[in-house]
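The values are calculated or read from the model by the stated rules, or taken from the named source; none is laboratory data. Here the structure is a predicted model, which means the values were calculated and not measured. In this analysis, Cβ positions are derived from the backbone assuming ideal geometry, glycine residues included, and neighbour counts consider all displayed protein chains.
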Amino acid sequence: MHITELPTPQVLIDRGRLTANIARMQAAATQGGMALRPHTKTHKSPRIARWQLDAGASGIACAKIGEAEVFADAGFTDIRLPYPINPSNAQRLLALLERVHLSIVVDHAAVAAEWSEVMTAAGKRLDALVKVDVGYHRCGIDPGVAFAVPFLTQVAALPGLRFRGLLSHAGQSYDVTSADQLTAVAKGEAELLRTLATEARRAGVAVDEISVGSTATATLSAAEPDITELRPGNYVYYDRSQVAIGSASLDDCALSVMATVVSKPASDRIVLDCGSKTLTSDTGRGMVRPKGYGAVFPSLDAVKPDDSLIINRLSEEHGVVEVQAGVTPVEPGDRVRVLPNHSCVVSNLVDQVCLVEGDEVVEQIPIEARGKIT
Ligand SMILES: Cc1ncc(COP(=O)(O)O)c(C=O)c1O
């Protein structure tokens with residue numbers, strides 16, 4: 001089927017780029033002597049995760065139990081949940097533990113103790129890593145040795161948990177303003193985790209794993225000694241923010257939204273049929289803050305975006321584009337492509353994506369783990 005036979009808006013995935021992105025990240029991890037455990041948050045698709053495993057990935061990461069259930073149903077057997085799952089979800093997690101090898105993260109003493117009690121009562125032990133705050137200041141323990149080492153010692157002693165090691169997500173990498181800063185984030189994260197691991201071992205705690213993961217820092221982390229695992233997610237598709245950070249080129253971006261121009265109320269304004277229900281309202285991140293809600297490629301065969309077309313306003317179904325040049329040849333009925341600011345959130349909004357090769361649809365892939373918010 002030709003892509004023009006598809007209704008719009010439609011999420012297209014370029015098969016060649018997807019395959020190349022999977023292979024390139026796997027090669028970086030393998031060369032660094034570490035495991036690659038892709039975070040499935042970006043594609044939310046067992047079909048695509050299978051290609052990552054086939055390329056050499058050691059397992060997968062999911063955020064929510066609902067996502068892990070989808071992947072377990074699809075036959076995945078090694079799932080890490082690097083999200084602070086609360087023990088209120090214990091029954092579902094225990095059910096999942098019957099059929100897959102699971103690991104969780106903890107970053108709070110009372111929560112860790114409660115997980116331990118749940119597991120002990122069920123006659124089980126659950127693999128757990130301690131999430132460390134490496135500068136993003138979202139989740140994770142204070143990395144200072146004086147606090148962290150006693151915390152690790154305490155978690156390692158909990159009978160219902162099997163302490164595996166340290167885990168971090170350097171999400172601050174999305175807000176750097178230079179390549180040097182990005183390198184400093186990756187190096188700082190690795191150094192901090194290495195120090196903590198050394199001190200914990202000195203205190204008698206076995207630290208078998210050090211897991212890091214963000215797409216922007218992944219290839220830099222791959223060169224760091226002692227890291228055992230990379231957990232990037234976004235690299236399968238990349239997006240406009242990754243291009244702005246410098247971790248990908250436009251030609252690496254595998255996901256785009258095909259949209260139709262539905263209105264041209266003035267020569268300097270066109271309206272696309274992709275609004276916040278498709279692109280989400282995520283703004284661009286990265287060193288060169290990109291303007292608007294996505295880059296507009298003015299035709300289906302355009303190889304570059306037209307930087308004078310700024311999607312500066314979104315309603316649910318409308319993407320309002322300001323034509324900064326004052327005029328554009330694009331007319332209602334024309335199709336364009338939009339490179340979203342953030343590809344992961346786009347996947348969460350669609351039931352399927354179309355895998356394409358050139359202008360031909362080669363497969364329609366259901367996004368089975370979309371919308372799994374619990
Ligand atoms: C805990 C955790 N690990 C890994 C990732 C993957 O990072 P990225 O989206 O930069 O690939 C994320 C992304 O949000 C995350 O929250």
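For every residue, the table says whether it meets (1) assigned by TED's automatic domain parsing to the domain that holds L129; (2) more than 26 Å from L53 (Cβ to Cβ); (3) β-branched (V, I, T).
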position	(1), (2), (3)
Y174	yes, yes, no
R201	yes, yes, no
T215	yes, no, yes
E229	yes, no, no
P232	yes, no, no
Go through the residues of the range 200-210 one by one and say whether even a single one is of a type in the set (D, E, K, R) and in contact with a Lys or Arg (Cβ under 8 Å, 6 or more places away or on another chain). yes
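Collect the residues in the range 336-374 that are of a type in the set (D, E, K, R) and within 19 Å of R240 (Cβ to Cβ), keeping them in residue-number order. Even if it seems obvious, please write down each step before you answer.
Within the range 336-374, the subset of a type in the set (D, E, K, R) is 337, 351, 357, 359-360, 363, 368, 370, 372.
Correct list: R337 only.
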When A254 is evaluated against the numbered criteria (1) touching a Phe, Trp or Tyr at 6+ places or on another chain (Cβ under 6 Å); (2) more than 16 Å from the ligand (Cβ to nearest atom), which criterion, by number, is the only one it fails? (2)
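Give the range 261-274 a look and list any residue that's part of a strand (DSSP E or B) and either modelled with pLDDT under 95 or exposed (fewer than 15 other Cβ atoms within 10 Å of the Cβ) (or both), or say none. Full working, then the answer.
Looking only at the range 261-274, we keep the residues that are part of a strand (DSSP E or B), and these are 261-266, 269-272.
Correct list: S263, P265, A266.
Those residues that are among the β-branched types (V, I, T) and either more than 23 Å from the chain's Cα centre (by Cα) or within 12 Å of the ligand (Cβ to nearest atom) (or both), I need them from the range 153-185; list them, please.
At the first step, the residues of the range 153-185 found to be among the β-branched types (V, I, T) are 153, 155, 176-177, 183, 185.
T153, V155, V185, listed by residue number.
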Can you pull out the residues in the range 14-45 that are in a loop (DSSP other than H, G, I, E, B), farther than 11 Å from A222 by Cβ and more than 13 Å from the ligand (Cβ to nearest atom)? S45
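So, in the range 52-107, exactly how many residues are part of a strand (DSSP E or B), without any contact (Cβ under 8 Å) to a residue 60 or more places away in the chain and within 16 Å of the ligand (Cβ to nearest atom)? It would help to see each step written out before you state the result.
The first filter runs over the range 52-107 and keeps only residues part of a strand (DSSP E or B), leaving 60-61, 78-81, 101-106.
Now drop any that are not without any contact (Cβ under 8 Å) to a residue 60 or more places away in the chain, which leaves 60, 78-79, 81, 101-102, 104, 106.
If we keep only those that are within 16 Å of the ligand (Cβ to nearest atom) too, we end up with 60, 78-79, 81, 102, 104, 106.
Counting residues in the range 52-107 that are part of a strand (DSSP E or B), without any contact (Cβ under 8 Å) to a residue 60 or more places away in the chain and within 16 Å of the ligand (Cβ to nearest atom) gives 7.
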